[in-house]
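The values are calculated or read from the model by the stated rules, or taken from the named source; none is laboratory data. Everything quoted here is computed from the prediction, not taken from an experiment. Virtual Cβ from ideal backbone geometry, glycine too; neighbours counted across all protein chains shown.
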């Protein structure tokens, strides 16, 4: 707080200083602060050898007349262009430095400014997308090896974040911001946890048809520590949407032969020679079988506009309901029914449990405060509940506005879940009226804890990948619930509650 206060004071002082200069010289403040020429170079940061690259200086800011542009290549004294654009075709692999010099006449005096743009020229380009858990030292080693082999290895890696909004959220951001790096890549390597990298790439490509069209000539390589068959089966859905040349699922050790190979076919030959396990996902692996009808359905949904996140939430709901049924029937946990903790668990999955708990507390506090204020009005029950839900909805609207102000935006399905979760205030108030504060607090506490347990179980990336790969296994929850429906034994909590009775029975 003190640093921010000092920063504001310093900024105000600088602004006051420039304002005094401008007043003294009768010059606008912007003319004092900004230089007369600000060169700006727009263009790619890397290009394949033999391909033509166009650099543009049209965004250059110039206050003056007789503007001239001169483009220079490193090591050459003669300009390669004297216009606002420079067309250059590099032939040698390595790094090329392009320098732009802009001259103009400002207030009768010649003024000159320059800017530099570095271009990496490559013969083969590989883009490596790694999540934050991969040590940076390993990535540097692979980059150095690629440089020795004459391969340009571009690494995209997000930083660690303490805000668990959603799995792959940071990967989506880093791929979206660095999407220009995907252009010209022979292959895209996804070194991430499970299918998170592929899902993030899919979300980026959904909003960029040009890059998705270029992906048809590229190969996606997924790095996995274990479960190659599960991951390859999970990748079939995104494959039908992205339609790359192919998806190769293999081990971490495959990075070395990938860098040393001349092309993807040579890479596969090296995997065979080195006896490294790999699986290929292409059009031949998408055949329909009687036992994979649900997999085909989920793939069809993903490829026809339904987000993979929505499909995942739908597949997780039966599993969440089964876990809650086990907790209630076998363990003896008391929750606000089965529907309410399921909705809370889904909201925690969509938002992250920290933000989900915060929204839940706001909903409960708002509902209780509204009902307390309405006591003197002596309203009937149904209109009173309608007013409470209205105030809770307005509170959610205010929270969403604050979230948008701080850069936290929610998808449509998440907002729908929040609106359903707002009905929890009615259940809480009913229990509070019937059983008092103790019963209401215990009920909401057990409901939230049960929902958190479900979230921690279904957020396991291995489980998510397995469910996406084999969605037919969700049908097994029907058998589990049929078994729970015939449960006649005591609950685990009851053994603890009636321990004195059991002790007396044993003594007798």
How many residues of region 474-494 are modelled with pLDDT under 80 and either closer than 30 Å to residue 239 by Cβ or touching a strand residue (DSSP E or B) at 6+ places or on another chain (Cβ under 8 Å) (or both)? The answer is 0
Scanning region 201-228 residue by residue, the ones that are surrounded by 12 or more Cβ atoms within 10 Å (Cβ to Cβ) and in a helix (DSSP H, G or I) total 11
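Would you confirm whether any residue within region 148-170 is part of a loop (DSSP other than H, G, I, E, B) and either without any contact (Cβ under 8 Å) to a residue 24 or more places away in the chain or assigned by TED's automatic domain parsing to the domain that holds residue 78 (or both)?
So in region 148-170, the residues part of a loop (DSSP other than H, G, I, E, B) come out as 149-150, 157-168.
Those left that are additionally either without any contact (Cβ under 8 Å) to a residue 24 or more places away in the chain or assigned by TED's automatic domain parsing to the domain that holds residue 78 (or both): 162.
Yes, region 148-170 contains at least one residue that is part of a loop (DSSP other than H, G, I, E, B) and either without any contact (Cβ under 8 Å) to a residue 24 or more places away in the chain or assigned by TED's automatic domain parsing to the domain that holds residue 78 (or both).
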Residue 264 passes all but one of the listed conditions (1) closer than 19 Å to residue 142 by Cα; (2) in contact with a helix residue (DSSP H, G or I) (Cβ under 8 Å, 6 or more places away or on another chain); the exception is number (2)
